[in-house]
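Encoded as structure tokens, the structure appears first; notes follow it.
The values are calculated or read from the model by the stated rules, or taken from the named source; none is laboratory data. Note that the coordinates shown come from a computational prediction; the quantities given were computed from them, not determined experimentally. Ideal geometry is used to build each Cβ from the backbone, glycine not excepted, and the neighbour counts take in all protein chains shown. Quick note on the areas: whole protein, heavy atoms, side chains included, nothing else; ligands and nucleic acids left out. Shrake-Rupley method; radii C 1.70, N 1.55, O 1.52, S 1.80 Å.
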Amino acid sequence: MRDPKVKQNAYLVALQQSFQRDWEVEENLAELAELATDAGLNVVDTFVQKRSYPEPGTFIGKGKALELAEIVEGDDLIIFDDELTPAQQGNLSDLINAPVIDRTQLILDIFAQRAQSNEGKIQVELAQLNYLLPRLTGKGKALSRLGGGIGTRGPGETKLETDRRRIRKRISDLEAELEKVRQTRGLQREGRAGTAVPVVALVGYTNAGKSTLLRALTGSDVYVADQLFATLDPTIRRWDLKDGRWVYLSDTVGFIRKLPHTLVAAFQATLEEVVYADLLLHVIDANHPQALEQAEAVEEVLKEIGATQPVISVYNKIDLLSHPLEVPPPDQGVSAFTGQNLEALTEAVYEFFAADYIIQEYFFPFTQLGEASLLRDKAHVLGEEFGEEGLLIKAEVDPKTAAMLRSFEKN
């Protein structure tokens, strides 16, 4: 039995099809290596098999699989950069005589390690079970080799011999729990909408510095770590702009290339915070060599979940660059770590919402003075004056508030 204190060795495998360029495969493997390391594995080597298309039975072909069998030991872990079918995973495990997982399973395992809240654990378990269900045939030799390590752990860990009926029942229960979460979030959003305060959502590639930026902008004590998927649960804080205006700032799970669809589906309740925001701040690691590719991956996920709001790109970590970064407004180059240019970012967000504000006078008769509190709560008051018949207030208001107080407008 392997000593749990000793890191398990891992070999990474990628299939390079004719339409893929060498650097694309190299980048994907580099990211897979980072994921594996973050999961607590020791990456030993990488393998690339060039084929026009995946081999239906073994993905990389029987010959390459047998080559791997000559190199790896029974306790080593083989990780494929693409999602394998249940048959491919089983055949490969039999040929190589070692546990085989794919990129999706590895990401799910990392999520299982990161989940802290009850909601996060529910979402991860649901994604794991939806992935595992089609791969359970009897006891499943390929899965049984995994034991309880990478690829199988998670909140509410389900034993591999659990039958499909019980798993489907568990999936149904988890989906019902998530629906309650979705309804609760909906009520919370309605409550925020009732205050007429805009919502700004941070989105971006995992480890781009979203949580650090939220912490720097709001002064909150959210968890920050230099690791992938450090944030799984949405965090919402107040962000003061200027002139008394403020917005809700939301941080949520980071995106990644080849993000498993099971995760997108499971995290729908969380991702709705992005969909319903008024403005998105797309945080990009400006110092990352694949910053452009990462940004494109985020844009693909945003498109998949139906997020079509205006976006301001925020190029983070400019303090690590060896040359000045110039971006067209309203996009911004900042350093959440040093605080560089955060005032300019705040100003850009202020100006974005200020474009929708109007200056209007409102008159409240003495019999309806209570309605004036609504204006004070939801607008930037510029002046107040009592007259013989009531109160005159001049304020800068957003369209939502203006519509609510239309009957009190002074012509």
Residues of the stretch 352-369 that turn out to be under 22 Å from Pro198 (Cα atoms) and either loosely packed, with under 15 Cβ neighbours inside 10 Å or more than 46 Å from the chain's Cα centre (by Cα) (or both), as a count:
4
Condition check: more than 19 Å from Leu249 (Cβ to Cβ), modelled with pLDDT of 80 or more and either among the β-branched types (Val, Ile, Thr) or open to solvent by less than 50 Å² (accessible area, probe 1.4 Å) (or both). Does Ala127 satisfy that?
yes
Pair list, Cβ under 6 Å, 6 or more apart: the stretch 85-102 residue crowded, with 23+ Cβ neighbours inside 10 Å, other residue charged (D, E, K, R)
Ser93/Arg145; Pro99/Arg145; Asp102/Glu83
Of all strands (runs of 3 or more DSSP E) fully inside the stretch 207-314, the set with 3 or more residues that are in contact with a strand residue (DSSP E or B) (Cβ under 6 Å, 6 or more places away or on another chain), open to solvent by less than 10 Å² (accessible area, probe 1.4 Å) and modelled with pLDDT under 90 is 246-251
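I need the helices (runs of 4 or more DSSP H) fully contained in the stretch 1-109, keeping only those with at least 1 residues that are touching a Leu at 6+ places or on another chain (Cβ under 6 Å) and of a type in the set (Asp, Glu).
Counting at least 1 such residues, we get 22-38.
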If we keep only residues of the stretch 379-401 that are out of contact with any strand residue (DSSP E or B) (no Cβ under 7 Å at 6 or more places or on another chain) and under 21 Å from Ala355 (Cα atoms), then the residue surrounded by the most Cβ atoms within 10 Å (Cβ to Cβ) is Thr401
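Applying the selection to the stretch 370-388, what residues are in a helix (DSSP H, G or I) and under 36 Å from the mean Cα position of the chain (by Cα)?
Leu374, Leu375, Arg376, Asp377, Lys378
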Would you check if there is a residue in the stretch 326-333 being in contact with a Gly (Cβ under 6 Å, 6 or more places away or on another chain) and closer than 17 Å to Val283 by Cα?
yes
Taking the stretch 315-328 as the search range and keeping residues that are assigned to a helix (DSSP H, G or I) and open to solvent by less than 90 Å² (accessible area, probe 1.4 Å), which one is farthest from Thr262 (Cα to Cα)?
Asp319
Residue check: is Leu391 part of a strand (DSSP E or B) and farther than 25 Å from Pro198 by Cβ?
yes
Restricting to the stretch 143-202, and then to whatever is under 30 Å from Gly244 (Cα atoms) and in a loop (DSSP other than H, G, I, E, B), can you tell me which residue is modelled with the highest pLDDT?
Pro198
